[in-house]
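The values are calculated or read from the model by the stated rules, or taken from the named source; none is laboratory data. If you're wondering where the values come from, they're calculated on a predicted model, not measured in any experiment. Neighbour counts are summed over all protein chains in view; Cβ atoms, including those assigned to glycine, are modelled from backbone coordinates with ideal geometry.
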Amino acid sequence: MKLAICAGPATTGKTSVLRHAIRKLLESGQRIAFLKIDVQYAEEDEQFAREFGIPTRKVYSGELCPDHCNVMVLGDALRWARTNESDVLLVETAGLCLRCSPYADGGLGIIVLEATSGMNLPLKVGPMLSLADVAVVTKIDRVSQAEREVFRARIQDVAPSVRIREVNALYGIGIGPLVDHIRAIPDVPEHMRLRGNPPVGTCTICVGKKEIGWQSHFGVVRALDNQVFYRGE
Amino acid sequence: MINTITILGGHGKNGTAEPVQRIDLRMGDVISVVGPTGSGKTTLINDIELFANANTQTGRRILINGAPAPAEYHDDPARNPIALITQHTTFLSDLPVGEFLHTHARIRISDATQRQVPVGRTLDFANQLTGEPIALDSHMTELSGGQTRALLIADATIICNTPIVLLDEVENAGIHRTRALELLRQYRKIFIFVTHDPRIALLSDYRIVMQGGTITQVLHTDMAEQKVAGIVSKLDDTLSLLRDKIRRGERLTMAELETFA
């Protein structure tokens, strides 16, 4: 079974891209399972179950970081997809963390970016872009061709090895090559590891200490004028 | 080397076959696309720009030198032979003009030593089309509609320097059209104008007529129309003169219309 994990900031068109990809994968005889991970609201699982009659699940990460949640549940999700005899598990993440990337070695990492989001966006999204295998650029009909080309160059500056696919997600034009990428990946290995490094340790803010200012916290902290340093025993 | 683009007809919005099933556009042709609003003009040039292969809602196919477009046209922007100037009159890009043009030159012009000159020439070209000068340190998002259009036309012609240029209703943008046509005619390319402007239509070699989402006929500019074209240009020049006077806060007199009285 193959695994593809899709990330990207909110409202860039992840769901529209995956909808066209699922349609094409089903046409080519692949069996698809779909998992949506979001923080507090999502209905893509119900939409896809209704539209395509495929097995779908969703997880609300709630108090957990959504990419952290992805790592936690992915093992179970792969087993679930296997029991459904799926050929491909597609995971759509909440896509909001600019520090992490949810991709796993042995699976395909897809980021969806919108051409309308400003020329500096590729520089801001960090490992979510640089560790992806494929960057899908949507909303290409909303900007001039010159801007499209410059946006693409900005992606290549940050992530030279990422393959860029421009897609019109309204009509599904340009989806073919993305589907080819998904079909070309090997089956997942038995033991999978997260591709990127998570951020530095657990902090006292993560565990619920809400006071403002590093003086109130322990572990790895930082002040405005200092680099990261360790405070504590 | 591109010699021809072929448009193979698809179907209209209601599924009926397109009346004109084949048009061959040759290098050096200047073509207009005309038709009422909603007749599918923009969709046609989007089909060309996407190298449609029966995969858009019109079912049209676009051939380059008689064959489907190679995949590298989409994979590598430096190889894309089409520059499309859309109806956008605003930029979303938050860069200064100079940085934007340099970045664009970097992907379109592979030789690093050859990039400086086109950026300067693009700015000069643009500033001949717009009344309000653009500076390299202007922010893209601050440009007016006319400045944006002027910069896009200049960028497509000089930095992209593609063999095919598609221009969607340039007349709406508040640029000097006469100057634009003169400057563009200096470059040997296939120019496709989507237009409502009789001057641009008559200066074209032929025009593609659209109705209800389909191409219904192809009209070549004949001898009679070439005669009309001269008077249309004069009318158009007179109107721009009147427009300029109004802009400057001047009054109009009958004297300006003497040739047409």
Answer yes or no as to whether A:A135 is within 14 Å of chain B (Cβ to nearest Cβ), in contact with a helix residue (DSSP H, G or I) (Cβ under 7 Å, 6 or more places away or on another chain) and either in a helix (DSSP H, G or I) or acidic (D, E) (or both).
no
When you scan region B:76-98, do you find a residue that is in a strand (DSSP E or B) and over 17 Å from A:D141 (Cα atoms), even just one?
yes
Take the residues of region B:45-75 that are part of a strand (DSSP E or B) and in contact with a strand residue (DSSP E or B) (Cβ under 7 Å, 6 or more places away or on another chain): which is nearest to the other protein chains (Cβ to nearest Cβ)?
B:N53
Near pairs, Cβ below 6 angstrom, 6+ apart or cross-chain, from region B:25-48 (within 16 Å of B:D197 (Cβ to Cβ)) to any residue that is part of a loop (DSSP other than H, G, I, E, B):
B:V30/B:S204; B:V30/B:D205; B:I31/B:S204; B:S32/B:T195; B:S32/B:S204; B:K41/B:G35
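Regarding A:A42, is this residue within 16 Å of A:S16 (Cβ to Cβ) and within 14 Å of chain B (Cβ to nearest Cβ)? Steps first, answer last, please.
On the way: within 16 Å of A:S16 (Cβ to Cβ): yes; within 14 Å of chain B (Cβ to nearest Cβ): no.
Taking the combined requirement at face value, the residue does not satisfy it.
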In this structure, is B:F125 buried (at least 17 other Cβ atoms within 10 Å of the Cβ), aromatic (F, W, Y) and farther than 30 Å from B:N65 by Cα?
yes
Residue that is farthest from A:H20 (Cα to Cα) [pool: residues in region A:181-218 that are over 29 Å from the mean Cα position of the chain (by Cα) and among the small types (G, A, S)]:
A:S216
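Could you pull out the residue among B:A180, B:A224 that is among the hydrophobic types (A, V, I, L, M, F, W, C) and touching a residue at least 24 places away in the same chain (Cβ under 8 Å)? Walk me through how you get there before you give the answer.
On the way: B:A224 fails: touching a residue at least 24 places away in the same chain (Cβ under 8 Å).
Just one listed residue meets the conditions, B:A180.
One line per residue, one yes/no per condition, for (1) assigned by TED's automatic domain parsing to the domain that holds A:L64; (2) over 26 Å from A:G126 (Cβ atoms); (3) at pLDDT 90 or above:
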| position | (1), (2), (3) |
| --- | --- |
| A:Q156 | yes, no, yes |
| A:A159 | yes, no, yes |
| A:R163 | yes, no, yes |
| A:A169 | yes, no, no |
| A:I173 | yes, yes, no |
| A:P177 | yes, no, no |
| A:D180 | yes, yes, yes |
| A:R195 | no, no, yes |
| A:I205 | no, no, no |
Just need a number here: residues in region B:46-78 that are closer than 16 Å to B:I190 by Cα and touching a helix residue (DSSP H, G or I) at 6+ places or on another chain (Cβ under 7 Å).
2
A:R142: passes all of (1) within 12 Å of chain B (Cβ to nearest Cβ); (2) in contact with a Pro (Cβ under 9 Å, 6 or more places away or on another chain); (3) not small (G, A, S) but (2)
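Just one of B:V218, B:V194, B:V209, B:V170 is β-branched (V, I, T), assigned by TED's automatic domain parsing to the domain that holds B:T42 and at pLDDT below 90; which is it?
Details: B:V218 fails: at pLDDT below 90; B:V194 fails: at pLDDT below 90; B:V209 fails: at pLDDT below 90.
Only one candidate passes the filter, namely B:V170.
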Of everything in region B:130-168, what is among the hydroxyl-bearing types (S, T, Y), buried (at least 19 other Cβ atoms within 10 Å of the Cβ) and within 13 Å of chain A (Cβ to nearest Cβ)? Give them in sequence order.
B:T148, B:T157, B:T162
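Pick out the one residue from A:I182, A:I164 that is of a type in the set (A, V, I, L, M, F, W, C), in contact with a helix residue (DSSP H, G or I) (Cβ under 9 Å, 6 or more places away or on another chain) and within 12 Å of another protein chain (Cβ to nearest Cβ). Outline the logic, then answer.
Working: A:I182 fails: within 12 Å of another protein chain (Cβ to nearest Cβ).
The unique qualifying residue is A:I164.
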Return the residues of region A:119-130 that are surrounded by fewer than 22 Cβ atoms within 10 Å (Cβ to Cβ) and in a loop (DSSP other than H, G, I, E, B); say none if nothing qualifies.
A:M119, A:N120, A:G126
For region B:128-167, give me each residue that is more than 26 Å from B:I48 (Cβ to Cβ) and either of a type in the set (S, T, N, Q) or not assigned by TED's automatic domain parsing to the domain that holds B:H104 (or both).
B:Q128, B:T130, B:S138, B:T141, B:S144, B:Q147
